[in-house]
1. Step by step: first the residues of segment 23-35, then only those that are out of contact with any strand residue (DSSP E or B) (no Cβ under 6 Å at 6 or more places or on another chain) and at pLDDT 85 or above, then the one that is nearest to Leu167 (Cα to Cα). Which residue is that?
2. Would segment 443-453 turn up any residue that is over 25 Å from the mean Cα position of the chain (by Cα), at pLDDT 80 or above, within 17 Å of Val345 (Cβ to Cβ) and not assigned by TED's automatic domain parsing to the domain that holds Ala31?
3. Being of a type in the set (D, E, K, R) and under 19 Å from Leu206 (Cα atoms) is the filter here; which residues of segment 235-288 pass it?
4. Regarding segment 38-52, can at least one residue be identified that is surrounded by fewer than 19 Cβ atoms within 10 Å (Cβ to Cβ) and either modelled with pLDDT of 90 or more or part of a strand (DSSP E or B) (or both)?
5. Would you check which residues across segment 364-376 are more than 15 Å from the chain's Cα centre (by Cα) and either within 20 Å of Tyr513 (Cβ to Cβ) or at pLDDT 80 or above (or both) and list them?
6. Applying the selection to segment 79-107, what residues are touching a Leu at 6+ places or on another chain (Cβ under 6 Å) and either within 22 Å of Ile39 (Cβ to Cβ) or among the charged types (D, E, K, R) (or both)?
7. Which residue is nearest to the chain's Cα centre (by Cα), if the candidates are limited to segment 531-554 and must be surrounded by 24 or more Cβ atoms within 10 Å (Cβ to Cβ) and in a loop (DSSP other than H, G, I, E, B)?
8. Provide a single number: the residues in segment 555-581 that are part of a loop (DSSP other than H, G, I, E, B), among the charged types (D, E, K, R) and surrounded by fewer than 16 Cβ atoms within 10 Å (Cβ to Cβ).
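The values are calculated or read from the model by the stated rules, or taken from the named source; none is laboratory data. Just so you know, these numbers come straight off a predicted model, no measurement behind them. So basically every Cβ, Gly included, is an ideal-geometry build from the backbone, and we count neighbours across all protein chains shown.
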Amino acid sequence: KIEAGAVELELVAFDIAQLIEEVASAHAATALHRGIELIADVDANLPKQVVGDPLRVRQVITNLVSNAIKFTSDGEVVLTVQLVDSPRDGVVRLRLAVTDTGVGIAADKLLTIFNPFSQADTSTTRRFGGTGLGLSICRQLVELMGSELEVSSALGQGSSFSFALELEKEDLLTTRGLTVNARLWHAHVLVMDASERMRLTLKSQLGAWGVESVLTQSPADAVQAVRGRAQANEPSIDVAIVDVASLGQPAARAAQELGAVLAPLGCVMVAMGASLGELRQQLEECGFVAELPKPIHRNRLLDALNTALAAEPIVPVVGAPPSERPRSPSLSEGGHEVSLNGRTVLVVEDNETNQRVAVAQLRALGFASVVVGDGAEALRLLRDSEHGFWCVLMDGQMPVMDGYEATAEVRALEQRSGRERLPIIALTANAMPGDREKALDAGMDAYLAKPFTLDQLEAALQIGCASAPGSLPSRMATDSPEWRETLDMAVVEQLKALEEVSPGFFAQVVETYLGTSDENVRDLLAASTAGDLHTVQRRAHALVGSSRQVGAMHVGQLCATIEHAAALDDVAHELAELSDAVHQAQQALLAVVRAGA
């Protein structure tokens, strides 16, 4: 459509800072399970609203962030929006950038990476589970918006993609609007985080609110800074924002010792992290009064600071064992109750949309979760440690190592080591004859077709209590819905119901689907043109699962047909209507988000 000149820009007012934060949040789970830091660095001087095409900006940034995370195995990915200048009245020039510490790109490859279907190093495809294609589309969209997509990179050191936009300000009298408590002005806040970029990002935002910040990277540095100010009769630290991952291990003990020093000096602590999980209650007992999720949003940061400034320091008892969690709604096990809280489920799934839905559903049932993207990662995790997982939700088809092979390896490991059998539940986007038998033959304990309801998931988790093989009914397996509506609103409502335990969840799932579906369609059509039916089958399979998960049942049905045809070395005629069907589903999902329905 871009090459044909059929793409038109929409000019509407939008909050670009909020857009950047939403994109970061949508990729938080993926960054977390890859073990990398994802930072949203938003200039505090941005106008409240600008006029442009938020959908196109979102598509470009989503693609760049997705690629950066995919090709980064250590370090960080930073998403930046900076106010450069104001070239004329009512107009601002902004620079948006996505910078990573990933594999990087060789100098002789930089000139070709924007070519359609090009990749700097084809050997990364299997290692990272994808090609990272889409830069050609990104460049064309950026050019459509009157700019140029620039790249700087060094092999083995990382890459940075950036572009500048000149946008009108919606309201010259409106500045970036967050209500700042008067107590925050001239407050003194300590930031403890091992990431220098994270420390500097927080310092910039805090400074815009009149806050003096002290930056430290470890508990020892934090203690030294607070004690040093007290000894020098300098103003005391009011609040300490502590990155939980930077506490070291065991985190709860380090938090106790830190609180025992800071609290008597009048300092209130805020826990910062991508996923606190089971540490949450222990941190409360250690004196932490508020939680600040990563990636950081300005409004969440402000809320956490206001909460902390209104609280009194709590001195923890060093050495006191953490209390037991209260028992929660539970599943029955042989006539007695087993609490779901404290149970952790390993989710092995390469599709980001499906990851988010599974994590939210598990949270709604009281489970913690750990997410990995392929069978090899899961096997490494299960082999290297006494995992303590309640059970495993294992997708069948994944890059590197699929779920069936991983399950067979787990069963062999259990037999060699004498470990207790770990229940493994198969997840599949197919509901076809033979799938259930294939899962059980591989050593899985149950079979669950996507999308599944909370009730079906809860029933499957009964296997984790009973440790008994079995199968579960799936509505997708037995009920063939009519493909008349763009969205199945029953599925949509199930997703929106999860916002009770995860606010903003539905919008984040839609955000993820917008990015991944575009990438999958693009690669699928390119593979079809090239006669690569294996890639057609793989991309169609990914679209089946993610589309049905968000209620786009017509797209799911089209892709199931395409996948089945590709498996038979045939090309389905449904390919011709796939792009329009996906676009229609995307627009319908966005309409639901905007309407709040």
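1. Val23
2. yes
3. Matches in segment 235-288: Asp238, Asp243.
4. Yes, some residue in segment 38-52 is surrounded by fewer than 19 Cβ atoms within 10 Å (Cβ to Cβ) and either modelled with pLDDT of 90 or more or part of a strand (DSSP E or B) (or both).
5. Ala364, Asp374, Gly375, Ala376
6. Val81, Leu83, Leu94, Val98, Gly104
7. Val550
8. Number satisfying all stated conditions: 2.
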